[in-house]
1. Restrict the check to segment 94-108 and report whether at least one residue is over 29 Å from W42 (Cβ atoms), under 17 Å from the mean Cα position of the chain (by Cα), at pLDDT 95 or above and not hydrophobic (A, V, I, L, M, F, W, C).
2. Please find, within segment 22-48, the residue that is nearest to E136 (Cα to Cα) out of those that are acidic (D, E) and surrounded by 12 or more Cβ atoms within 10 Å (Cβ to Cβ).
3. Name every residue in segment 108-135 that is open to solvent by 60 Å² or more (accessible area, probe 1.4 Å), of a type outside the set (S, T, N, Q) and closer than 25 Å to T24 by Cα, in order of residue number.
4. Only one of these is touching a residue at least 60 places away in the same chain (Cβ under 8 Å) and either of a type in the set (D, E) or out of contact with any strand residue (DSSP E or B) (no Cβ under 9 Å at 6 or more places or on another chain) (or both): D137, D114. Name it.
5. Under 8 Å between Cβ atoms, at least 6 apart or on separate chains: pull out the pairs that start in segment 8-29 with a residue that is on the phi < 0 side of the Ramachandran plot and end on any residue that is of a type in the set (F, W, Y) and part of a strand (DSSP E or B).
6. Being touching a residue at least 60 places away in the same chain (Cβ under 8 Å), open to solvent by 20 Å² or more (accessible area, probe 1.4 Å) and of a type in the set (S, T, Y) is true for just one of S86, S68. Which residue is that?
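The values are calculated or read from the model by the stated rules, or taken from the named source; none is laboratory data. For clarity, every value in this text was computed on a predicted model and none was experimentally measured. Cβ atoms come from the backbone with ideal geometry, glycine included; neighbour counts cover every protein chain shown. Areas reflect the complete protein model, heavy atoms only, side chains present, ligands, DNA and RNA absent. Shrake-Rupley method; radii C 1.70, N 1.55, O 1.52, S 1.80 Å.
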Amino acid sequence: MLSVELKDLEKHTGSLIGHSPWKTVTQEMIQAFADATGDHQWIHLDVERARRESPWKSTVAHGFLTASLIPLLNQQVINVQGKSASINYGINKLRFPAAVKSGSAIRSKMELMDVTRVDDQRTLATYRTTVEIQGEDRPACVAENLVMYVA
């Protein structure tokens, strides 16, 4: 894990910050996300039908479940010190090139693209986060995610 002072963060612009540990996406997580969002499509929840009919032969995580795990994964890659809060500020680009099958392990790869001082209290960081799937060539998610650091 990279530990860096907020005032020094921009020195890492254009570099690979690192990788998170692997995290398994379980069927229970997929079910909980479906219940929270109301997205109960069979490709996410019906294990038997997915084995028979889906192109992945398995249930798959919602794309937005994968994206919602980015903060959890990324906080295991970088520790920005000298801030009072980190706020998810948005996403400029978000793509889901490959599905995450239930039971698959994922991790994030973080690259710092830009750091902008907004004012005395706020610094906006833009990261390219690639969510990799263990054993797969294509990533589950590629996002240009924004984090607002508040001093």
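1. no
2. Among those that are acidic (D, E) and surrounded by 12 or more Cβ atoms within 10 Å (Cβ to Cβ), it is D46.
3. Of everything in segment 108-135, those that are open to solvent by 60 Å² or more (accessible area, probe 1.4 Å), of a type outside the set (S, T, N, Q) and closer than 25 Å to T24 by Cα turn out to be R128, G135.
4. Only one candidate passes the filter, namely D114.
5. Going by the 8 Å Cβ cut-off, the qualifying pairs are L9/Y149; I17/Y127.
6. It is S86.
Yes or no, residue by residue, for (1) closer than 30 Å to D119 by Cβ; (2) in contact with a helix residue (DSSP H, G or I) (Cβ under 8 Å, 6 or more places away or on another chain); (3) at pLDDT below 95:
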position	(1), (2), (3)
V4	yes, yes, no
S15	yes, no, no
H19	no, no, no
W22	no, no, no
V25	no, yes, no
A36	no, no, no
I43	no, yes, no
R49	no, yes, no
H62	no, yes, no
